[in-house]
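Below: one structure, written as structure tokens.
The numbers here are math on the coordinates, done by the rules we state, and not lab data. Predicted, not measured: the structure shown is a model, and the values here were computed from it. Reconstructed Cβ throughout: ideal geometry from the backbone, glycine too, with neighbour counts over all protein chains shown.
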Amino acid sequence: MVCISGANAAAITPTRPQNSEADLSASLEIIDFLCSHKVRGIAVFGATGEFTHFATEDRIRLTHMAVKRSRVPVIVNATHSSLSESVRIAEDAASNGAAALLIQPPIYFRYQPPEIREFLLRFIDESENRLPVLLYNLPAFNNAIPIEVSLELLESGAAAGIKDSSGNWEYMAQLLQLRQRKEFALLVGNDTTTARGRAAGADGFVSGCACAVPELLVALDDAITSGNSDHAARLAAMLAEFVAQIDQFPGPSGVREALLERGMPVGGRAVPFAPETRRKAAEFREWFRGFLRSLHEATQ
């Protein structure tokens, strides 16, 4: 059984200023930052980590360094466009001491449920003796894992758990129902349902927002698990405010802007901002300075 619970952060992948290569030194600074704020685990090369921009060799190299550096378990996303490369990433993660694997359906092309099921089963079969496998459902950016496929793989024990990043409460509710009769790791992966899912019985969450404001997500998890509902509601409202702000930017760009404001190295953007987006980014960073002051008061 995979031991991933509580507040986990999905890390960005800093890049070198002059090109789009992963910046290993800056990535280790992000790992140190997250560990210092007491997250329970760190996921690398998920959607927040923009894994599609990086070659397999970059992903393998950074994963190796992250696992060595981190003081908490590291979860590695092995998703790729092909089964062979996904397995290659999984093999390396296992040999380097990662805690668990995340796997989506193969990226880019649209696949039907039978192919998604077959891909996931093949990946699990080739990875089962290495690391626990967590299904990774992220329909906003990729093929969804049909709920019937998730339920089958979890109930059979083929998959050790799931990170549901859909934000679809009906999907999460069916997973919670299955948990009443079958043990598996259930993690929320969408910050719009983090508080609700955790309060309803999910083991924890893997949050992109936690990369920018880890103290908020750690405090929210503590408030929920300790039964401090008033404080949890206040922190959940702050999380919703932060999500609304970063949603004006594509992908994890808002998280990167917040980290930039905090003095963390993020590197260049894979896709440059248009002039109007640059203006929004400047306004966001000004707003974020005030938000950080309020967050400090709320989490002391």
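Ordering Thr194, Thr63 by the number of other Cβ atoms within 10 Å of each residue's own Cβ, fewest first, gives Thr63, Thr194. What the phi angles of region 194-201 give under the Karplus curve with 6.51, -1.76 and 1.60, with θ = phi - 60°, is a coupling list of 4, 5, 5, x, 5, 5, 7, x Hz, glycine and proline written as x.
Using the Cβ-Cβ distance between Ala282 and Asp125 with R0 set to 51 Å, the FRET efficiency works out to roughly 0.55.
Determine the sum of side-chain charges near Val149: Lys and Arg each +1, Asp and Glu each -1, restricted to other residues whose C-beta is under 12 angstrom from that of Val149.
Details: positive: Arg117; negative: Glu115, Glu118, Glu148, Glu152, Glu155.
Value of the local net charge: -4.
Exactly which chymotrypsin sites (Phe, Trp or Tyr not before Pro) in region 96-129 are in a DSSP loop and have at most 11 other Cβ atoms within 10 Å? When the chymotrypsin sites (Phe, Trp or Tyr not before Pro) of region 96-129 are filtered for loop state and at most 11 Cβ neighbours within 10 Å, Tyr108, Phe109 remain.
Phi-derived couplings, Karplus 6.51 cos²θ - 1.76 cosθ + 1.60 at θ = phi - 60°, listed residue by residue for region 222-228: 4, 5, 5, 6, 8, x, 7 Hz, with x used for Gly and Pro.
Between Pro265, Pro114, Pro105, which gets the highest mean-square fluctuation from a Gaussian network model of the chain, Cα cutoff 10 Å? The residue that fluctuates most here is Pro114. The simple spin-label model puts a point 7 Å past each Cα toward its Cβ; for Ala274 and Ser81 those points are separated by 2.6 nm.
State whether region 144-300 is rounded, prolate or oblate according to the following rule on the C-alpha gyration tensor (a ≥ b ≥ c being the square roots of its eigenvalues): a/c under 1.5 gives rounded; otherwise a/b larger than b/c gives prolate, and the remaining case gives oblate. Oblate.
For the pair region 240-300 and region 1-45, the centres of their Cα atoms are 17 angstrom apart. What FRET efficiency, computed as 1/(1 + (r/R0)^6) with R0 = 25 Å and r the Cβ-Cβ distance, is obtained for Asp32 and Ser294, rounded to the nearest 0.05? With R0 = 25 Å, the Cβ-Cβ based efficiency is 0.50. Residue-wise HN-Hα couplings along region 149-155, as the Karplus relation 6.51 cos²θ - 1.76 cosθ + 1.60 with θ = phi - 60° gives them from phi, are 6, 4, 4, 5, 5, 6, 5 Hz; Gly and Pro carry x.
Evaluate the relative contact order of region 6-211 (contact order divided by residue number), counting alpha-carbon pairs under 8 angstrom at least 6 apart; express in whole percent.
Taking the mean separation of contacting Cα pairs over the length of region 6-211, I get 19 percent.
Over region 6-211, with a single point scatterer placed on each C-alpha, what log10 of the ratio I(q)/I(0) does the Debye formula yield at q = 0.08, 0.16 1/Å? After summing over all Cα pairs, the log10 values are -0.24, -1.00. Annotation note: GluC sites (Glu not before Pro) in region 71-135 located in DSSP loop regions with a Cβ neighbour count of at most 16 within 10 Å are Glu128.
Annotation: amide H of Ala43 within the under-5 Å range of Ala9, Ala10, Ala11, Ile75, sequence separation 5 or more or interchain, hydrogens built in the peptide plane. Helices in the chain, meaning DSSP H runs of at least 4 residues, each add -39500 (n - 2.57). Divided by all residues, the mean residue ellipticity at 222 nm is -15500 deg cm²/dmol. Among the trypsin sites (Lys or Arg not before Pro) within region 43-79, those in coil by DSSP and having at most 16 neighbouring Cβ atoms inside 10 Å are Arg71. State the Cα centre-to-centre distance between region 53-102 and region 132-171 in whole Å. The distance from the Cα centre of region 53-102 to that of region 132-171 comes to 20 Å.
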